[in-house]
Structure formats: C-alpha cells, structure tokens
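A.B. asks: Input: one structure, supplied below.
None of the figures in this text is laboratory data; all of them are computed from the coordinates on show. Small disclaimer: the values here were computed from a predicted structure and weren't measured. Neighbour counts run over all protein chains shown; Cβ positions are idealised from the backbone, glycine included.
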Amino acid sequence: MKFILNDELIDDNTLPSDFTALRYLREKRGLTGTKEGCASGDCGACTLLVGALEDGELTYSTLNSCITPMQSLTGKHVVSVEYLSKTGELHPAQQAMVASHGSQCGFCTPGFVLSLAGLYENKQGCEQPIDREAVCDAISGNLCRCTGYRPIIDAGMSMVKGSMARKEIMKESDEPPYVELMSKNDSIKTQLESLQTERHDSSNYLQPTDLEQLAYALKLNPAAVLIAGGTDLMLENTQRYRDFETLIDVSRVAELKHLHTGEASLTIGASVTYSELENFSKTLYPQINALLSRIASRQIRNRGTIGGNVANASPIADLPPLLLAFDADIQLLKNDGSTRAVNIADFYQGYKQTQLAKDEMIASFDVSLDKLAQFHRFYKVSKRMEDDISSVMLAVRFDVDNGILSDVRLAFGGMAATPIRGLKAEAALTDKLINDEQALNQAIEALRSELTPMSDMRASAKYRLDMACNLIRKAWLELNGSDVVTFSGHAVSDSILSAGLEGCTHA
Ligand SMILES: Cc1cc2nc3c(=O)[nH]c(=O)nc-3n(C[C@H](O)[C@H](O)[C@H](O)COP(=O)(O)OP(=O)(O)OC[C@H]3O[C@@H](n4cnc5c(N)ncnc54)[C@H](O)[C@@H]3O)c2cc1C
Ligand code: FES
Ligand code: FES
C-alpha cells in the first residue's frame, strides 16, 4: 500500500488487514501526537485529517484513526498533528487554541486541533468569520474533560486569517504570516494524482473500485469480511479483539457510491457516507438532513455508510426507521452478479438477523419520490445532542388526501429487537381527519398495547414507551401546523444561546 503520511511517501505491505491507523502512527512511525482515549470512535483524541482528490480538487476530512484500518487510507494524504507546525509556525487552529486558552492537560488537544484545522481547510482559510454551529459541527466528535468547551469553541470562531487571536501570539508582527492551505499544496496534489493510477490491493485488504473487481475479489476470497467505513465493524476488533484475516473494502466501488434522483425514486448507493448524503439532502430534503446531523459525529459521518448502518442490523440504528417510513426497497447483489429487491419491512428477521445470504451484499436503496414529497419527520431522542446513540427514534410519514390521513407510517428504532412499525397505531389514524384528536389518543393507546420495549443503560422500558407516545403526539401537532420546538442539529446554535437557554450539551 502507498500513501502520503504528512510529507513522506510511504510504501508498506507488511500490515495485517485490521491494523489501525492509530497503531500505525504511534507504533510504527513514532508519531505519538495522536492519542488513544477510547479506541471506539467516541472521544476524538485519535482524530486525523485525510486528504483525497475529488474531481481534481484536494479536499480534507476528519476521521477516527482508532477504528480506521491503515490500509483503507491507501492513496490518500494522511495528516497527523505533527505536520501542522512543521514549518516552525503554529497552524491557525493551534494559534487560536493558545490565544483562547483552549487546552489544559492537553490529551484531547491534538484531536481538537485537527478537527479545527479541517474546518479551516473547508472554509478555505477562514477569510470570513465562522459561526458557532460550524465549529460545534467540526468538533462534535471531540471530548474534553478538563478545559470545557467555551474556550475551544471561541478558538474555532477566531480562526480568521489575520484575526486578533492570531495577532496576540504573533506580537512581533502586525500581519501574521499566511499559512498555506493544505488543499492548495501542489506537490501533495501531484503525488496523489500519481497514486490514483495505481491499484492498491494487498493480499489481505482488497479495495475494488468497480463491481467487476468486487465480484472477482469475492470469488477469490469467499471467507473475507466486507468493510465499508468500519465504524461498526472495527469495534469488534478494538473492543472484542476479533481479528479479520482478509477484508474487502466496498467504500470505493463506484457503482455503490451512486446518489441520484431518477424518474420515480431516489437511489442511494450502499457506500454513500452520511456526510455525502448530508450535502446532497441539505436543500432537497431538510428533514433528512436534520436527522443526519444528529447521527454520531463529524468524524464518524465522514466514514460511516448507509449500507453499513442497515447491514449491521442494530435495533437502535437511525437509518432503518427512516427507510421503513418511506417503504424503501433494498437492492441486494449476489456474488454471481445477480440482484434481487427486498422491501425494508421484510429485511430484518430478528435481533441482528437479516435476509442477506452469505454470498449477498447491499448494493443500494430506492426511495419513492412521491413518498419523499409527503409530510415526514424524524425524531431522535438521546442523552446528548451529538455523538450519541438513540434511546428512541421515530420516523413518521403521513399522506393527506382532502384532509383525511390515507397512508400512515410510524417506524421506530430502540423499541424492539428490530426496527419496527406501530401497525395498530397506524391503523387508528388511517382514514381519520387530519385533526381528529380522538384518533390520535386511540393511536397512542394502541401503541402502548403493541410495543414492549426493553430497559437498558440508555433508557427504561417505561421511558421509551412514554417517549414514543409523546413523539407521535408531536408529529401529529406538527402535521396540524403547530410549531413544536425541536432541537435538531447542534444544541448550541447562536439562536438558542441568544434566547437564553443554557449550556453546551454535547459532552
Ligand atoms: C462513536 C460512534 C457513534 C455512532 N453513532 C451512531 C448513531 O448516532 N446512529 C447510528 O445509527 N449509528 C451510529 N453508529 C454506528 C455506525 O457508525 C453506523 O452504523 C454506520 O452507518 C456503519 O457504517 P460503516 O460503513 O462504518 O459500516 P462497517 O462498520 O464498515 O460495516 C458494518 C457491517 O455491515 C457490513 N457491510 C458494510 N457494507 C455492506 C454492504 N454494502 N452490504 C452488506 N454488508 C455490508 C459489514 O461487513 C459489517 O458487518 C456510531 C458508531 C460509532 C463508533
Ligand atoms: S481513541 Fe477515542 S475516538 Fe479514537
Ligand atoms: S485539555 Fe484535558 S481533556 Fe481536554
């Protein structure tokens, strides 16, 4: 495998398939600026920046190196914290952290700095001041246990080229020196271009780029395990010590990356990441976009895929209820190239059991445009706004015809061993007037009788059931035009702060 680590071209074919980028940096390269906190993608101490060429442009995104196989970064520019000040001058993100007193013990600091440096890159050097929400989004996967978040958020907001924060440190000069954007580094770009033309497969980590190569890889390695972003799978390695002999990485298979609107449906490829779907849905599907911003952290959303979420079959995953509310079809692909479609309602067969045969994988999801045009909402209830798994998740869709509810979907996560619909509650609302409150109350009673959630560390059964009932009421109120407050996205938006609500709830 070949990749660029900071400013060095690396060629290393000695790694086990599941050897993480974090271990590689610390154990093989002595780059100990990158820290290990949790080894499960939760704390962000291991954050790295990774550059890739997209349509000729070099773009950078963050990831959790503790759950990223090193070999998945073949052909990329891997940036660790050591690179940021290699010229002897602190990066604007580092300068801003110093000026805002954003670090105490310092354990979390390299991760925060790289998340902020990624934001600096994405904002093209922060010519304009950046808002609090953008900073909170960038650091949504970083935890700090001693400094507190205010100084760190201040640092992010002061990363403006030539800002006071920078001048304070660079006292000897009025104009702090310009730090070149990594994305404008022609030498890195040229090296990445030359790496792009090479195949990167090693004997234990295969990275097909089209379906033909994927079929060949599967044929030669029938016992290999599929990996996309690895944000579920790699936890089996880091938390349960399961070794993977051979991994087939589906994240670069072009056909699985499709994301397009056809005549009747929206097709989402299995290897589309949350961040990609977030960008796509921003203006087209704001409700979907709002839910995506509540999933995990920026680092996880940059890697985690829709296919991985559905295939992993966790009853608390966030995408299956959404797909269930839209009656989505899943396209399954067999090793011999044949395909079949399964409706999401039939896909899950029990706890962590799906219809996927051993020689099948998920290729894509089809969501009807007609259904996407109907009233829909998604409510995720979790203890923290960011980087937290749902206690309860409700995805609703209502079709309204002449003031009558005709097609009702109430799909839940966290309420059973699989994602599940409240069928009796749906029936209680169907063919009723949109504002029939008695029907709503009957639906809520029906839900109480048909769902028996369990208690666990996230929530008690009673809390889950009460919450599910309240969420149906909330959806019904919104359907009827009431403005019900929903904290979607980041709890610490400027508007919330100026309204006088306290606190940053993301850690
Ligand atoms: C800190 C953290 C926070 C998280 N927060 C959330 C959250 O808020 N909500 C949520 O829903 N999830 C969350 N997750 C779980 C995870 O990020 C998602 O489920 C993610 O979508 C998994 O996608 P992936 O590409 O990383 O899958 P991987 O880990 O690569 O794969 C997961 C499973 O799916 C299989 N697989 C992958 N692609 C395919 C395919 N195309 N066909 C068949 N099988 C396939 C793999 O073999 C593996 O068994 C979180 C995870 C972490 C670590
Ligand atoms: S070490 Fe905590 S997210 Fe990687
Ligand atoms: S500075 Fe100590 S954990 Fe953040």
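A.B. asks: Using only C-alpha positions, report the orientation-averaged shadow area of the convex hull of segment 332-439, nm², one decimal.
C.D. replies: Values: hull surface 36.6 nm².
If you wrap the Cα atoms of segment 332-439 in a convex hull and average its projections, you get 9.2 nm².
A.B. asks: Summarise the long-distance tail of P(r) for segment 257-479 by giving the % of C-alpha pairs beyond 30 Å.
C.D. replies: Values: 5143 of 24753 pairs.
Considering segment 257-479, 21 percent of its Cα-Cα pairs are separated by more than 30 Å.
A.B. asks: Separate question: What's the ranking of 31-40, 53-62, 189-198, 248-257 by average number of surrounding C-beta atoms within 10 Å, highest first? Mind dumping the intermediate values first?
C.D. replies: Working: 31-40: 17.8, 53-62: 15.5, 189-198: 13.5, 248-257: 21.3.
Per-residue Cβ counts within 10 Å, averaged per peptide and sorted highest first, yield 248-257, 31-40, 53-62, 189-198.
A.B. asks: Another one. Post the alpha-carbon centroid distance, segment 27-48 to segment 204-227, in whole angstrom.
C.D. replies: Result: 29 Å between the Cα centres.
A.B. asks: How long are the semi-axes of the equivalent ellipsoid of segment 47-116, defined as square roots of 5 times the Cα gyration tensor eigenvalues? Whole Å, largest first.
C.D. replies: Details: eigenvalues 115, 44, 19 Å².
In descending order the semi-axes read 24, 15, 10 Å.
A.B. asks: Right, another one. Pop out the ³J(HN,Hα) list for segment 144-154 in order, Karplus 6.51 cos²θ - 1.76 cosθ + 1.60 with θ = phi - 60°, rounded to Hz; leave Gly and Pro as x.
C.D. replies: Result, ordered by residue: 10, 9, 10, 6, x, 8, 4, x, 6, 5, 4 Hz.
A.B. asks: If you take the charge dipole of the chain about its Cα centre, with +1 on Lys and Arg Cβ and -1 on Asp and Glu Cβ, which of Leu266, Ser140, Leu256 is farthest toward its positive end?
C.D. replies: Highest projection toward the positive end goes to Ser140.
A.B. asks: On to the next question. Could you order the peptides 450-458, 275-283, 110-118 from most to least packed, using the average number of other C-beta atoms within 10 Å per residue?
C.D. replies: Ranking the peptides 450-458, 275-283, 110-118 by packing returns 110-118, 275-283, 450-458.
A.B. asks: Could you estimate the translational diffusion coefficient of segment 1-106 from the Stokes-Einstein equation, with Rh from the Kirkwood formula over C-alpha pairs, at 4 °C and 1.567 mPa s, in whole µm²/s?
C.D. replies: Working: Rh = 14.6 Å.
Translational diffusion coefficient: 89 µm²/s.
A.B. asks: About the Cα centre of the chain, what is the dipole size in debye to 20, counting +1 per Lys and Arg Cβ and -1 per Asp and Glu Cβ, all else neutral? Let's see the in-between values first.
C.D. replies: Details: 49 positive and 66 negative charges, 258 e Å.
Charge dipole of the chain: 1240 debye, to the nearest 20.
A.B. asks: How large is the convex hull of the C-alpha atoms of segment 216-257 per residue, in Å³? It would help to have the intermediate numbers written out before the result.
C.D. replies: On the way: hull volume 2.8 nm³, N = 42.
That works out to 65 Å³ per residue.
A.B. asks: DSSP loop trypsin sites (Lys or Arg not before Pro) in segment 49-130 with at most 16 other Cβ atoms within 10 Å of their Cβ, which ones?
C.D. replies: Details: sites: Lys76, Lys86, Lys123; in loops: Lys76, Lys86, Lys123.
Hits after loop and neighbour filter: Lys86.
A.B. asks: Which far-off residues, 5 or more places away or on another chain, put their amide H under 5 Å from the one on Arg242, with H placed in the peptide plane?
C.D. replies: Residues meeting the criterion, in which the H sits 1.01 Å from N, are Asn237.
A.B. asks: Output the peptides 419-425, 438-444 sorted from most to least packed, where packing is the average of other Cβ atoms within 10 Å over each peptide's residues.
C.D. replies: Values: 419-425: 22.4, 438-444: 17.7.
Order by mean packing, descending: 419-425, 438-444.
A.B. asks: Each residue of segment 256-263 in turn: what ³J(HN,Hα) in whole Hz from Karplus with 6.51, -1.76, 1.60 and θ = phi - 60°, glycine and Pro shown as x?
C.D. replies: 8, 9, 4, 8, 8, 9, x, 5
A.B. asks: What are the equivalent ellipsoid semi-axes of the chain, built from the alpha-carbon gyration tensor (square roots of five times its eigenvalues), in whole angstrom, biggest first?
C.D. replies: 39, 30, 19
A.B. asks: Give Lys257/Lys371; Lys282/Lys424; Lys2/Lys334 a once-over and call out the pairs whose C-alpha atoms are over 25 Å from each other.
C.D. replies: Numbers: Lys257/Lys371 23 Å; Lys282/Lys424 33 Å; Lys2/Lys334 31 Å.
Among Lys257/Lys371; Lys282/Lys424; Lys2/Lys334, the Cα-Cα distance tops 25 Å for Lys282/Lys424; Lys2/Lys334.
A.B. asks: Let me ask something additional. Please list the non-local residues whose amide H lies under 5 Å from the amide H of Ala363, H modeled 1.01 Å from N, same-chain partners needing a gap of 5 or more.
C.D. replies: Distant-sequence amide H within range of Ala363: Gln331, Leu332, Leu333.
A.B. asks: Can you list the residues, at least 5 places off or on another chain, whose amide H is less than 5 Å from the amide H of Ser406, using H built in the peptide plane?
C.D. replies: Asp399, Val400, Asp401, Asp431
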